[in-house]
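Reading through the structure tokens given below for one structure.
The values are calculated or read from the model by the stated rules, or taken from the named source; none is laboratory data. As the structure is a prediction and not an experimental result, all values here were calculated from the model. All Cβ positions, glycine included, derive from the backbone under ideal geometry; neighbour counts span all protein chains shown. These accessible areas exclude ligands, DNA and RNA; they are computed on the full protein's heavy atoms, side chains included. Shrake-Rupley method; radii C 1.70, N 1.55, O 1.52, S 1.80 Å.
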Amino acid sequence: MEKREQLYEGKAKKVFATDDPDVVLVSYKDDATAFNGLKKGTIEGKGVINNRMSNFLMKILEKDGIPTHYIQELNDRETLVKKVTIVPLEVIVRNVAAGSLSKRLGVPEGTPLREPVLEYCYKDDALGDPMVNEYHIAAMGWADDETMEKIAYYALRINDLLIAYFKGANVDLIDFKLEFGKTSDGTLVLADEISPDTCRFWDSETHEKLDKDRFRRDLGGVEEAYQEMRKRLGF
Ligand code: UDP
């Protein structure tokens with residue numbers, strides 16, 4: 001597969017065309033942003049870890065029946081994925097109160113939720129990714145009902161699989177963000193990444209944060225936390 005022109009540069013990744021119109025090459029950067037781009041920095045080695053963790057987890061999910069965009073890891077930072085049209089939603093799954101849910105509902109961080117909570121945000125930086133519900137999504141035509149049923153089913157199934165998986169690494173999966181896309185034949189697949197940038201990981205015993213909150217909240221030990229996740233998962 002031949003790497004061609006850059007199609008897009010996001011906050012944490014670049015996307016390149018390939019000689020196959022249905023395949024793109026994703027290249028992970030060390031750049032980090034938070035608070036809708038207000039806070040900027042670099043997390044040394046992050047791109048390598050996010051690339052490898054995301055691929056590692058997507059392979060596990062594929063085995064368990066979740067269709068994903070993953071095709072092939074090329075090197076530490078680059079991966080071939082199916083070209084998709086992204087459903088313009090951030091799909092958030094929560095098991096324990098943290099972050100914006102804690103703020104919005106006045107629930108202390110770390111409070112277990114009785115059942116998983118699914119949230120949707122409309123992907124629009126200028127609007128600050130506002131939270132929306134199924135009615136907004138249908139009314140705006142961002143995704144049809146059948147697609148949303150599948151997204152909810154996959155998101156909760158992915159949550160079950162990842163909770164069980166991370167338990168083996170002594171890590172609690174507090175919450176995470178997913179994105180889905182449609183391939184050229186209309187198949188819905190899991191896209192984007194699953195990494196410490198997009199998940200909250202807490203040590204099961206000490207509740208130490210092992211994710212991007214260390215960067216967002218200036219807790220220090222950011223690189224070490226990403227490396228610790230890599231060690232624990234053994235990829
Ligand atoms: N998240 C993300 N990208 C975003 C917003 C949130 O990956 O643009 C992830 C975040 O890492 C966390 C989960 O989604 O694991 C829930 O985030 P929350 O709504 O609490 O927002 P935050 O507190 O991160 O602003």
Do any GluC sites (Glu not before Pro) in the stretch 1-74 lie in a DSSP loop with no more than 11 other beta carbon atoms within 10 Å, and if so, which? E2, E44
Which of rounded, prolate, oblate describes the chain, given a ≥ b ≥ c as roots of the alpha-carbon gyration tensor eigenvalues and a/c under 1.5 marking rounded, otherwise prolate only if a/b is larger than b/c? rounded
Rounded to a whole %, the carbon-and-sulfur portion of the accessible area of the chain at a 1.4 Å probe is 50 percent
Take V117, project a point 7 Å from its Cα along the Cβ direction, then tell me which residues of the stretch 177-208 have their backbone nitrogen under 15 Å from it. 177, 200
Distance in Å, no decimals, from the C-alpha centre of the stretch 1-24 to the one of the stretch 56-116 is 22 Å
Under the Karplus curve 6.51 cos²θ - 1.76 cosθ + 1.60, θ = phi - 60°, whole-Hz ³J(HN,Hα) for the stretch 26-34, x wherever Gly or Pro sits: 9, 10, 8, 9, 8, 5, 10, 10, 8
Where only protein heavy atoms count, and the probe is 1.4 Å, what is the accessible area per residue for the chain in Å²? 49 Å²
Prolate/oblate/rounded call for the stretch 92-195, Cα gyration tensor, a/c under 1.5 rounded: oblate
Give me the accessible area of T111, 1.4 Å probe, in Å² rounded to the nearest 10. 50 Å²
With every protein chain left in place, what is the accessible area of K82 in Å² (1.4 Å probe, nearest 10)? 70 Å²
Taking a 31 Å limit on the Cα-Cα distance, which of the listed pairs K46/K82; K29/K167; K83/K103; K14/K39; K150/K231; K82/K103 fall beyond it? K83/K103; K150/K231; K82/K103
Please list, by residue number, every one of the trypsin sites (Lys or Arg not before Pro) in the stretch 178-235 that is coil in DSSP and has at most 14 other beta-carbon atoms within 10 Å. R217
Rounded if a/c under 1.5, otherwise prolate or oblate - the stretch 39-105, Cα gyration tensor axes: oblate
Long-range HN-HN contacts of R77 with modeled amide H, under 5 Å: none
